[in-house]
1. Taking all protein chains as present, what is the carbon and sulfur share of the accessible area of the stretch 233-332, in % to the nearest whole number, probe 1.4 Å?
2. Can you work out the accessible area per residue across the chain, with the rest of the protein chains kept in place, probe 1.4 Å, in square angstrom?
3. Using the crude model of +1 on Lys and Arg Cβ and -1 on Asp and Glu Cβ, and no other charge, please compute the dipole size for the stretch 1-155 relative to its Cα centre, in debye to 20.
4. Taking only the C-alpha atoms, wrap a convex hull around the stretch 361-408 and report its volume per residue in Å³ as a whole number.
5. Which Cα, out of C489, A581, I568, lies furthest along the positive dipole direction of the stretch 467-584 (beta carbon charges, K/R +1, D/E -1)?
6. Using only Cα atoms, figure out Rg for the stretch 167-249 and give it as a multiple of 2.2 N^0.38 Å.
7. Computed over the Cα atoms of the stretch 11-103, what is the ratio Rg over Rh, Rh following Kirkwood?
8. Using only the alpha-carbon atoms, what does the stretch 36-193 span along each of its principal axes? Please give whole angstrom values in decreasing order.
Amino acid sequence: MTRILVGQGSCGIASGAKKTADELTRLVEERGLQNISIEKTGCIGICYMEPIVDVYDDDGKMTRYTYLTEDKVARLFDEHIVNGKPVDEFTISEDGKSFLDKQTRIVLKNCGYINPENIDDYIAIGGYRALKKALYEMTSEEIISEVSTAKLRGRGGGGFPAGRKWTQVASQAEKDRYVVCNGDEGDPGAFMDRSVMEGDPHKMLEGMIIAGIACGAETGYIYVRAEYPLAVYRLNLAIDQARERGFLGKGILGSQFNFDIRINLGAGAFVCGEGSALTASIEGNRGMPRVKPPRTVEKGLFAKPTVLNNVETFANVPEIIFNGSAEYLKIGTAASPGTKAFALTGNVAKTGLIEVPMGTTLKEIVFDIGGGVKNGKGFKAVQIGGPSGGCLTQRHLDLTLDFDSLTREGAMIGSGGLVVMDDETCMVSIARFFMNFTNNESCGKCVPCREGTHVMLELLDDIVEGRATEETLDVLLDLADTISNTALCGLGKTACNPVVSTIQEFKEEYLAHVNDKKCPTGHCKALADITIIEEKCKGCTKCAKVCPVSAIEGEIKKPHHIITEKCIKCEACVSACPFDAIAS
């Protein structure tokens, strides 16, 4: 039997993978071939090489094809599937192989290798064996002890120890308890949790069920954003399959333990990534954080003790329970064992989903795995952890990426987004982008976040539009300090991190904006100095014709000039000039 796996996570489908799979299916049916199985799989991680197709021959040998769009399928089919000769021209390059070879995969190891819509694939590679062990070979206390000994820390934000959280829930006098999985993943540029839900949903479910055994809960909720329709579909399918096989429901695997899981769809509010806002949303209320204490472990969902972890955290649990904490502790650092999945995006040569041991340096990720900055440009910075994170620069390249090292540098792993920026990126504009996002996503419940982020955004507008002074920077930092210390929830407290870190690391770039009224990268249009180079100008009048405010004048076939007072810096003239005679 020849198996053909087509990577059909959201990224693959967006690149045309479904059309590739449909064409493969059409050819198989057209030829009447019976010994070929075409299956879908999740995101393999090499997103920049999608669509990806893996062909497993009868002897089990796998050939991986990349950039395999619909128009290439017929040749692949005729030469490889029919005649058994791999098409070398389409196979994965050494560049692509190195992207995967330099990773260590625990959470993502099944993504791209099993069909996420077939529970038998998960069972065949050892799925649900950790659940059996937890049910019949361990007590609740032993499960929590194993997770605690493994030093598993939450992968969704600040890295709180999962075992401590589970212990606190299990010790509550209240017997009605809940397990909640945060699959909201609202950070711009982050897609790790989505890929797990799409590519290996049963692993996450198994981790949640084990948490239920450990903490004495009988109901679990998955909170996932409605903008993840494929993840929602595959989760629902996985839950139905798990119920049919006895892994969910009453008397799981013949035991006395009952546990079931429901899915709640979020409407895309960033604040619902915060625990108390998330549980409020599940309850049918407006998603807004509440004052703590009491903590979620004491009074969480429906005011009952609640274990709340994210997708990646739960996906680590089956490995820890089945293989033991000693094996898990061999990976990563002493204080942050295990691995971390990152979404590597931005101005990097190889974009995609990666998983590396905790403690891997920034340089290894950006240059060894990511292939460095694309188009041969220089490395400038990485924004880590989204709007709640911070900016890492050249001086941080040897920094180990783990919870404690990043905290010391005023940054955080967050959910795991890594946005690489080249030397032509304006860091003031980056700070403004994240502040605009945070301000728009503020739930509005507390004044520091609601009003403070709005004022900070206005000050950043002043900087990029040439109205600011050095005093503006002082006000920004004072406001950031106030918001960080007085905001109600963790999202508000970390909202200013991108601004503070970029001011600290790129003060000279801010000063160029406020003192010289210049953007060193030329990104801020309001500060652009648009001029016509007389020696190059032919007087063709094309620039004058496209100017929306009639700010260009001159005679035909003679050099033109720009009326600075009228120019709105739209750069329409720059694009229109056929002689490169206009500089900005």
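1. Working: 2080 of 4170 Å².
Percent of accessible area from carbon and sulfur atoms in the stretch 233-332: 50.
2. Numbers: 23790 Å² over 584 residues.
Dividing the accessible area of the chain by its residue count gives 41 Å².
3. Values: 21 positive and 26 negative charges, 122 e Å.
Magnitude of the dipole: close to 580 debye.
4. Numbers: hull volume 3.8 nm³, N = 48.
So the per-residue hull volume is 79 Å³.
5. A581
6. Details: Rg = 13.8 Å, N = 83, 2.2 N^0.38 = 11.8 Å.
That works out to 1.17 for the stretch 167-249.
7. A ratio of 0.95.
8. Here the spans come out as 66, 38, 26 Å, largest first.
The values are calculated or read from the model by the stated rules, or taken from the named source; none is laboratory data. No experiment lies behind these values; they were computed from the predicted model shown. Counting neighbours? That spans all protein chains shown, and the Cβs are built from the backbone with ideal geometry, glycine included. Keep in mind that these areas ignore ligands, DNA and RNA; they rest on the heavy atoms of the full protein, side chains included. Shrake-Rupley method; radii C 1.70, N 1.55, O 1.52, S 1.80 Å.
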